[in-house]
1. So which of ALA59, ALA116, ALA73 is in a strand (DSSP E or B), touching a Cys at 6+ places or on another chain (Cβ under 8 Å), within 16 Å of ligand 2 (Cβ to nearest atom) and not β-branched (Val, Ile, Thr)?
2. Against the definition (under 32 Å from the mean Cα position of the chain (by Cα) and away from ligand 1 (no atom under 15 Å from the Cβ)), how does VAL42 come out, yes or no?
3. Going by the structure shown, is LEU230 outside any strand (DSSP E or B), outside the structural domain of ALA409 (by TED's automatic domain parsing), open to solvent by less than 20 Å² (accessible area, probe 1.4 Å) and modelled with pLDDT of 90 or more?
4. Please specify each residue of the range 76-87 satisfying the condition of being part of a helix (DSSP H, G or I) and open to solvent by 10 Å² or more (accessible area, probe 1.4 Å).
5. So, ASP366, is that one open to solvent by 10 Å² or more (accessible area, probe 1.4 Å), under 24 Å from the mean Cα position of the chain (by Cα) and acidic (Asp, Glu) or not?
6. In this structure, does ALA252 turn out to be out of contact with any Lys or Arg (no Cβ under 6 Å at 6 or more places or on another chain) and either in a loop (DSSP other than H, G, I, E, B) or within 19 Å of SER15 (Cβ to Cβ) (or both)?
7. Do the conditions hold for LEU209, that is, is it among the hydrophobic types (A, V, I, L, M, F, W, C), in contact (Cβ under 8 Å) with a residue 24 or more places away in the chain and on the phi < 0 side of the Ramachandran plot?
Amino acid sequence: MHRITPHQPHPLFDSAATGRIERAAAATLPAHQLMQRAGLAVAQLAQALAPYARTVWLACGPGNNGGDGLEAAMHLQRNGRQAVVTWLGQPDKAPADARASWLRAQAAGVQWADHAPDQLSSCDLCIDALLGLGVSASSSRAMDPAHAMNAPARTIDPRLRACLSMLRHSLAPVLAVDLPSGLDADTGQYAPGLAPDPGPPPGPARYTLSLLSLKPGLFTAAGRDAVGQLWFDDLGVAPGPEPPSAWLSGPALAAPRAHASHKGSYGDVAVVGGEGLAERGLGMTGAALLAASAALHSGAGRVLVALLDDGQLPLDPQQPELMLRRFEALALERLTVVCGCGGGQSVGQRLPEVITRAARLVLDADALNHIAGHAALQALVLARGQQGRPTVLTPHPLEAARLLGLSTAQVQADRLGAARQLATRFAAVAVLKGSGSVIAAPGQTPAINPTGNALLASAGTGDVLAGMVGARLAAGASPLNAACDAVYAHGRAADAWPAGQALTAGELARRLGR
Ligand SMILES: NC(=O)C1=CN([C@@H]2O[C@H](COP(=O)(O)OP(=O)(O)OC[C@H]3O[C@@H](n4cnc5c(N)ncnc54)[C@H](O)[C@@H]3O)[C@@H](O)[C@H]2O)[C@@H](O)CC1
Ligand SMILES: [K+]
């Protein structure tokens, strides 16, 4: 068992893949073995997290997730804790493993209760074993048109609802078994009717022990807020031939710079964007300058900026290293172009040339919005991808929704699926930004980024990311590596941000080289 941190990459397995791993393992093991290992792991982590807990309340659902909780209750009771169990299952309807663990918990003398004990203190512990992987199975059935047509909306057992509410409002720490209950292991979204009430995320003392595999939903969408501190136990089972459904990104290997190198060794980035104030009264040159600053501080050899402001700004006195250029003066065929940051309406007329001529290309913000509205531009992006010319798209969920002709909610409902769809549709690397950014490339296993936090929810941080991707592409990284490394470093910079200091995009860009 170990704690999961962003320092290392990990393979992720969705609910279907986890099911296959489980069935393969179960076929070679004595009956009930996996649940016994799961329950023991839960009890061990519970005791390590709450060594002074006298009482442990275990909320156990009707399926095998509840079975893990019952098994853990037996160990905790035997180890001298008062294990108080609320079990929502029924002996005659429970899966065989869960029923066996119920019998073992009974024999150990756990206490049965309808709800959480009143006197739980912050030293005690709650264990959330209500729902695990079963939620994903029910969600995928609900999304299957064949079932969705006839399936009535699921009614939620009021006892389940009450237990969920107690856990979510608990002052005692909460350890979730396998997944925070209600969270879909594949999408990181809560199943209908099981989401917590809107409001700030749960308190700090929240833990999740993922069993057998790490699942994508733990790391994206609502997953990151829900899981708290994440632990993993593989239950002694290797994934075998099962390919990962996704990867959790890790840090890039440091690439030392040769002494015998010069600015030309690290490539030229050209930023095309930043509509001027004169155009429509909406000055957006700052966005392009932020992207350029990020490229500069990420190590690009030279950074050129073609502002869409009719030459109003000849020099950025804060960043004299940036070389301002008229768009017509850019030798696009030799450049890595970052296009769209603050591009407004003006970027539209530059896009056909940029898309067809740029050697390497990052498309962001208004470039993406224009492309979404113009089928001819979409065809040009696809064509360059099909010619094998490096292209990275960096949409946030709304931009992704426009590109795919979906709603933002549909994109968020399946972030991995949406990123994969974008990558296929445009033969490009797609970075779907947001909590747990997803990076997808055509025909490759997608990655989820583990770094970053809500400090990044401020104006201009997306422009900084686009510049970072551009710098890596210019230095020769593949589009997928450039995107994964930039997203990771962007989040890492936010994670290392000094407490109590506001994160601004300009400062974020300046800190990148440190
Ligand atoms: N699959 C595995 O690899 C292993 C599974 N184990 C445990 O078993 C769990 C999976 O067990 P199950 O497949 O029995 O599933 P769960 O126990 O997660 O859920 C099944 C129950 O939840 C109900 N349910 C599902 N979706 C619901 C929704 N949207 N609203 C309300 N109720 C809903 C179902 O009706 C069913 O009663 C794992 O998460 C893990 O904790 C472990 O014992 C070890 C091995
Ligand atoms: K759970």
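1. Working: ALA116 fails: in a strand (DSSP E or B); ALA73 fails: in a strand (DSSP E or B).
Matching residue, one of ALA59, ALA116, ALA73: ALA59.
2. Numbers: under 32 Å from the mean Cα position of the chain (by Cα): yes; away from ligand 1 (no atom under 15 Å from the Cβ): no.
It is false that VAL42 is under 32 Å from the mean Cα position of the chain (by Cα) and away from ligand 1 (no atom under 15 Å from the Cβ).
3. Values: outside any strand (DSSP E or B): no; outside the structural domain of ALA409 (by TED's automatic domain parsing): yes; open to solvent by less than 20 Å² (accessible area, probe 1.4 Å): yes; modelled with pLDDT of 90 or more: yes.
Spelling it out, it is not the case that LEU230 is outside any strand (DSSP E or B), outside the structural domain of ALA409 (by TED's automatic domain parsing), open to solvent by less than 20 Å² (accessible area, probe 1.4 Å) and modelled with pLDDT of 90 or more.
4. If we filter the range 76-87 for residues that are part of a helix (DSSP H, G or I), which is where we start, we get 76-78.
Hits for the range 76-87 are GLN77, ARG78.
5. Values: open to solvent by 10 Å² or more (accessible area, probe 1.4 Å): yes; under 24 Å from the mean Cα position of the chain (by Cα): yes; acidic (Asp, Glu): yes.
So ASP366 passes the test.
6. Details: out of contact with any Lys or Arg (no Cβ under 6 Å at 6 or more places or on another chain): yes; either in a loop (DSSP other than H, G, I, E, B) or within 19 Å of SER15 (Cβ to Cβ) (or both): yes.
Yes; evaluated as a whole, the condition is true for this residue.
7. Working: among the hydrophobic types (A, V, I, L, M, F, W, C): yes; in contact (Cβ under 8 Å) with a residue 24 or more places away in the chain: yes; on the phi < 0 side of the Ramachandran plot: yes.
Judged against the criteria, LEU209 is a match.
One line per residue, one yes/no per condition, for (1) farther than 30 Å from GLN8 by Cβ; (2) within 16 Å of ligand 1 (Cβ to nearest atom); (3) in contact with a helix residue (DSSP H, G or I) (Cβ under 9 Å, 6 or more places away or on another chain):
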position: LYS215; (1), (2), (3): no, yes, yes
position: GLY228; (1), (2), (3): no, no, no
position: TRP247; (1), (2), (3): no, no, yes
position: TYR266; (1), (2), (3): no, no, yes
position: GLY273; (1), (2), (3): yes, no, yes
position: GLY286; (1), (2), (3): yes, no, yes
position: SER298; (1), (2), (3): no, no, yes
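The values are calculated or read from the model by the stated rules, or taken from the named source; none is laboratory data. What you see is a predicted model, and the numbers here were worked out from it, not measured in a lab. For neighbour counting, all protein chains shown are included, and Cβ atoms are generated from backbone atoms with ideal geometry for every residue, glycine included. The protein model used for the area step is the full one, side chains on, heavy atoms only, and it has no ligands, DNA or RNA in it. Shrake-Rupley method; radii C 1.70, N 1.55, O 1.52, S 1.80 Å.
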